[in-house]
Amino acid sequence: HAMSDPCKHCGRCCEHIGTPPGFAAFATRDDSVPVECFRDTEDHEIYKAMPRELKEELVAYFEGVLDGTRPDRSGYECPCLWYDSQSQRCKHYEHRPSVCRSFEPGEDGCNIFRDEIGLVALTIRAT
């Protein structure tokens, strides 16, 4: 992050999301996309560019959820699989999904999360 980055790295945006949003449709053993409408989306392109071991981590998670060997983290108040609580940052920032890329510090969603944990709202100045 650059010096002009307004994010204060409270981590709240990542602490409630469970899994990296948008990748469940792509996390298959054969890299097929089971639902046509997900093909060639921004998240599909991000997923295709991921290192194999990162794809395998997501596939293992989603397969485990489907076969009942892993708890489903989505929809619950738990940190994203990729969230590093020590650094309060994404472990795979360069491969984060589009919704995370478009989430802006100081926007309404950010400030709602900050308010939930008693932090003051961020004010973003136009440059």
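The values are calculated or read from the model by the stated rules, or taken from the named source; none is laboratory data. Because the structure is predicted, anything quoted here is derived from the model rather than measured. As a convention, Cβ positions derive from the backbone with ideal geometry for all residues, glycine included, and neighbour counts pool all protein chains shown. Keep in mind that these areas ignore ligands, DNA and RNA; they rest on the heavy atoms of the full protein, side chains included. Shrake-Rupley method; radii C 1.70, N 1.55, O 1.52, S 1.80 Å.
What percent do you get for the relative contact order of the chain when only Cα pairs under 8 Å and 6+ apart count? Intermediate values should be presented prior to the final figure.
Numbers: 130 pairs, mean separation 45.5, N = 127.
Taking the mean separation of contacting Cα pairs over the length of the chain, I get 36 percent.
Check which residues have an amide H placed less than 5 Å from ARG89's amide H, if you skip close sequence neighbours.
Answer set, sorted by chain and number: ASP84.
Note the angle between two axes, namely the Cα long axis of helix 52-67 and the longest principal axis of the Cα atoms of the chain, as a number of degrees from 0 to 90, rounded to the nearest 10.
Its long axis makes an angle of about 80 degrees.
Any idea of the accessible area per residue across the chain, 1.4 Å probe, to the nearest Å²?
Values: 8050 Å² over 127 residues.
Accessible surface, normalised per residue, equals 63 Å².
So what's the net charge close to CYS14: Lys and Arg +1, Asp and Glu -1, counting the other residues with Cβ under 14 Å from its Cβ? Could the numbers behind the result be given before it?
Numbers: positive: LYS8, ARG12, ARG73, ARG89, LYS91, ARG96, ARG101, ARG114; negative: GLU15, GLU77, ASP84, GLU116.
Overall, the nearby charge balance is +4.
Using P(r) over Cα pairs in 5 Å bins from 0, in percent as the read-out, say which of [x] 2, 10, 18, 21, 19, 13, 9, 5, 2, 0; [y] 2, 12, 24, 25, 20, 11, 5, 1, 0; [z] 2, 10, 19, 23, 21, 13, 6, 3, 2, 1, 0 was calculated from these coordinates.
[x]
Taking all protein chains as present, what is the carbon and sulfur share of the accessible area of the chain, in % to the nearest whole number, probe 1.4 Å? Could the numbers behind the result be given before it?
Working: 4250 of 8050 Å².
Carbon and sulfur together cover 53 percent of it.
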